[in-house]
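Student: Next up is a structure, given as structure tokens.
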Amino acid sequence: MLSNITSAGLFRLRGASMEPSLCDGDLLLVIKRHGVPRRGRIVTIRMPDGAGPSWQVKRVVGLPGDNLRFEDGLLFINGTPHREHYLQGLPAYLGLDRTSFDIGDDSYFVLGDNRAHSVDSRSFGTIDGAQIAGVVAARLWPPFRLS
């Protein structure tokens with residue numbers, strides 16, 4: 001729905017944390033929106049000083065009020081197994097064996113798809129909704145990728 005769009009911008013991804021979904025050097029169209037991002041959406045986030053690069057791209061996994069549990073290589077959201085098809089076979093649980101998180105009000109749990117090469121909520125904790133700058137709407141370049 002276009003009525004929620006306030007503006008759009010371009011973002012050049014740096015690093016391997018979102019592979020295989022997005023790769024180093026990809027040019028992304030980011031839509032700045034009002035409202036709450038949905039689970040599974042890829043977002044750009046503003047990081048607090050000293051928490052790594054000032055801008056990062058991550059996937060929203062946990063929403064306000066959720067309980068996340070990682071057990072035996074699976075993600076459970078509020079007690080229900082959640083299939084992470086976007087990982088395309090990469091392990092879901094690196095650094096999270098049998099770990100659980102309760103997500104507070106206006107907080108989000110974000111992860112990189114490439115868990116072995118991602119600094120994310122596992123290390124810096126949840127982020128506030130105000131830190132979410134926009135939602136990745138499309139990869140503009142390259143327009144396709146041969147795998």
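The values are calculated or read from the model by the stated rules, or taken from the named source; none is laboratory data. None of these values were measured; they are calculated from a predicted model. Counting neighbours? That spans all protein chains shown, and the Cβs are built from the backbone with ideal geometry, glycine included.
Student: Could you please tell me which pairs satisfy a Cβ distance under 7 Å, a separation of 6+ or placement on different chains, a first residue in the range 65-94 that is within 16 Å of residue 109 (Cβ to Cβ) and without any contact (Cβ under 8 Å) to a residue 60 or more places away in the chain, and a second residue that is in a helix (DSSP H, G or I) and not basic (Lys, Arg)?
Tutor: Short answer, once both residue conditions are applied: 94/116.
Student: Then there's this: Of all residues in the range 116-126, count the ones that are outside any loop (DSSP other than H, G, I, E, B) and buried (at least 20 other Cβ atoms within 10 Å of the Cβ).
Tutor: The total comes to 1.
Student: Taking the criterion of being at pLDDT 90 or above and either out of contact with any Asp or Glu (no Cβ under 9 Å at 6 or more places or on another chain) or not polar (S, T, N, Q) (or both), would at least one residue in the range 50-57 satisfy it?
Tutor: So far as the range 50-57 goes, yes, one or more of its residues are at pLDDT 90 or above and either out of contact with any Asp or Glu (no Cβ under 9 Å at 6 or more places or on another chain) or not polar (S, T, N, Q) (or both).
Student: Please specify each residue of the range 66-99 satisfying the condition of being hydroxyl-bearing (Ser, Thr, Tyr) and modelled with pLDDT of 90 or more.
Tutor: Matches in the range 66-99: 80 only.
Student: If only one of 138, 133 is outside any loop (DSSP other than H, G, I, E, B), among the small types (Gly, Ala, Ser) and surrounded by 13 or more Cβ atoms within 10 Å (Cβ to Cβ), which one is it?
Tutor: Going through 138, 133 in turn, just one is outside any loop (DSSP other than H, G, I, E, B), among the small types (Gly, Ala, Ser) and surrounded by 13 or more Cβ atoms within 10 Å (Cβ to Cβ): 133.
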